[in-house]
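Visitor: Below: one structure in structure tokens.
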Amino acid sequence: MQKMKILIIGTLGTGKTTLAMALSHETGYAYTSIDDCRTRYSDGTTDGEDAAWHHFLIACRDPSPGILEFSGGGPHLYEVRDALLGSGMPVSVIWIDMPHDLCIERASQREIVIPAPFVWAPIDYSVPAIHSGIEIAWERVWSAVPEFCARRMVFPRDLPSSEIYLRVRSNLSGEIGSLSPNDTS
């Protein structure tokens, strides 16, 4: 099995965290998301946000396999790209693309508050705005870096998360073999 970094990107409410955690559980790879880094290292200030990104970039740069998750766009886009390239690991980027109405519905139901120094726009504005940023990042970065194996996976609204997981897993299986943890080959 080839060990690698797997970066899961997408707008709010696409199921990135659910998917990334399932992949982490199955592979045994460490899981790191920017939201987890914000929860662990940020206090909601700009200094806290810098600390969260510092730790996320360390995970991206680490020369061991991992499952990573963030939106895929924004001001740290190029730093994430460079850190992943600097890891020396093969990198697979999976863009989970879901209908905006479903993402808005899911994101609106969240009760977890992630510390951030910025005021967020309403969810129904943020979901398509973040998606637009990812589209630009996809063209300029994720699908443009020849060292990355980049896939945009578009799913319908009514597809169960278990089926999304199976499709992503199947898509990755050629790259990381059986996805079994602790494989030493």
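Visitor: Would you check if Leu68 is in contact with a helix residue (DSSP H, G or I) (Cβ under 8 Å, 6 or more places away or on another chain), under 23 Å from Ser161 (Cβ atoms) and not in a helix (DSSP H, G or I)? Before the answer, list the steps.
Guide: Working: in contact with a helix residue (DSSP H, G or I) (Cβ under 8 Å, 6 or more places away or on another chain): yes; under 23 Å from Ser161 (Cβ atoms): yes; not in a helix (DSSP H, G or I): yes.
So Leu68 passes the test.
Visitor: So, one more: Right, Ile114: crowded, with 20+ Cβ neighbours inside 10 Å, closer than 25 Å to Leu57 by Cβ, hydrophobic (A, V, I, L, M, F, W, C) and touching a Lys or Arg at 6+ places or on another chain (Cβ under 9 Å) or not?
Guide: Taking the combined requirement at face value, the residue does not satisfy it.
Visitor: Still on this model: Taking Arg106 as the residue in question, decide whether it is surrounded by 15 or more Cβ atoms within 10 Å (Cβ to Cβ), over 22 Å from His76 (Cβ atoms) and charged (D, E, K, R).
Guide: Values: surrounded by 15 or more Cβ atoms within 10 Å (Cβ to Cβ): yes; over 22 Å from His76 (Cβ atoms): yes; charged (D, E, K, R): yes.
Criteria met by Arg106.
Visitor: What number of residues within the range 1-53 satisfy the criterion of being touching a helix residue (DSSP H, G or I) at 6+ places or on another chain (Cβ under 8 Å), in a helix (DSSP H, G or I) and among the hydrophobic types (A, V, I, L, M, F, W, C)?
Guide: So the count comes out to 8.
Visitor: For Leu57, indicate whether it is without any contact (Cβ under 8 Å) to a residue 40 or more places away in the chain, touching an Asp or Glu at 6+ places or on another chain (Cβ under 7 Å) and part of a helix (DSSP H, G or I).
Guide: Yes: the conditions hold for Leu57.
Visitor: Shifting gears a bit: Can you name the residue in the range 16-34 that is over 19 Å from Ile164 (Cα atoms) and surrounded by fewer than 20 Cβ atoms within 10 Å (Cβ to Cβ) and is also modelled with the highest pLDDT among such residues? It would help to see each step written out before you state the result.
Guide: Start the filter on the range 16-34 by keeping residues that are over 19 Å from Ile164 (Cα atoms), which leaves 28-30, 32-34.
When the remaining residues are screened for being surrounded by fewer than 20 Cβ atoms within 10 Å (Cβ to Cβ), the result is 28, 30.
Numbers: Gly28: 95, Ala30: 98.
Only one residue fits best here, namely Ala30.
Visitor: Limited to the range 56-72, what total is found for residues that are surrounded by fewer than 17 Cβ atoms within 10 Å (Cβ to Cβ) and in contact with a strand residue (DSSP E or B) (Cβ under 8 Å, 6 or more places away or on another chain)?
Guide: Qualifying residue count, the range 56-72: 1.
Visitor: Of the residues that make up the range 38-51, is at least one surrounded by fewer than 22 Cβ atoms within 10 Å (Cβ to Cβ) and under 10 Å from the mean Cα position of the chain (by Cα)?
Guide: No, the range 38-51 has no match at all.
Visitor: Here is a follow-up. Looking at (1) part of a loop (DSSP other than H, G, I, E, B); (2) buried (at least 21 other Cβ atoms within 10 Å of the Cβ); (3) of a type outside the set (A, V, I, L, M, F, W, C), find the lone condition where Pro75 falls short.
Guide: (2)
Visitor: Just to be sure I understand, how many residues within the range 93-152 are part of a loop (DSSP other than H, G, I, E, B), touching a helix residue (DSSP H, G or I) at 6+ places or on another chain (Cβ under 7 Å) and of a type in the set (D, E, K, R)?
Guide: Total meeting the criteria: 1.
The values are calculated or read from the model by the stated rules, or taken from the named source; none is laboratory data. All values reported here derive from a predicted model rather than from experimental measurement. Cβ atoms come from the backbone with ideal geometry, glycine included; neighbour counts cover every protein chain shown.
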